[in-house]
Amino acid sequence: TTDAGRLAASGQKILLSVRAPRVTVCIRITSVHLLHPLQQISFEYTVIEKLETHVMRPHKQTGFTLIEIMIVVAIIGILAAIALPAYDDYVRRGRIPEATNVMSSFAYRMEQYFQDNRRYPTAAGGAVCGVANPAATTNFTFACVGLTDTSYRLTATGNGPMAGFVYTIDQAGTQRTTGVHAKWAAAVSTPQNCWVTSKSGC
């Protein structure tokens, strides 16, 4: 069965081009016989060409569109703007105990000395404050100042990423914060009679 046909005669030979779905066939009719009385026609033919028609299918695209990439970049930017400052504060708060723990331990040793000697040493054995000053940590250095027989003040000063923080403790156990990091300055006023450990205060 065909959906289209073309018939042409050339001398004693007939060329027939038949087009069917997806296939085109060209045949050469070499003889034709007319059968009476039924008026039927029989013929002989030779296939000279057969062409297959390929159906073009739409190509499926893969990958990301420009809009999708821009959305992802915008989301990353928003998360970075929120998460990075919060992470910085988290790390900063975690470094503060480097100072406060050392100062608490030093104050305890100073009080032990006072209980044994009824005074704070001025330079006993060549050591400042009578006991050796605490060794510097990664983010803080320590100094004992204002020393008398009845008073002293230990100061911890931040450096590097903790620059700006200044903590003190004295013979009465008074804890003070006289400076904070620049990124905390807007949220925390100084001085304060406590050790500030977060933006919310002590």
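Remark: spin-label model distance residue 148-residue 135 equals 3.4 nm, labels positioned 7 Å along the Cα→Cβ axis.
Would you work out the charge dipole size for segment 61-181 about its Cα centre, treating the Cβ of every Lys and Arg as +1 and the Cβ of every Asp and Glu as -1, and quote it to the nearest 20 debye?
The dipole magnitude comes to about 300 debye.
The gain in end-to-end length when the residue 118 to residue 186 segment is fully stretched comes to 20.2 nm, 0.36 nm per residue minus the alpha carbon separation. The packing ranking, built from the mean of other Cβ atoms within 10 Å per residue, places the peptides 76-87, 106-117, 131-142, 154-165 in the order 154-165, 131-142, 106-117, 76-87, highest first. Rounded to the nearest whole Hz, the Karplus-based 3J(HN,Hα) values (6.51 cos²θ - 1.76 cosθ + 1.60, θ = phi - 60°) of segment 181-190 follow the sequence 4, 4, 6, 9, 4, 6, 9, 10, 8, 10, with x at glycine and proline.
Every number here is computed from the coordinates shown, using simple stated rules; none is lab data. Note that the structure is a prediction, hence the values are computed from the model and not measured. FYI the Cβ positions are ideal-geometry reconstructions off the backbone, even for glycines, and counts take in every protein chain you see.
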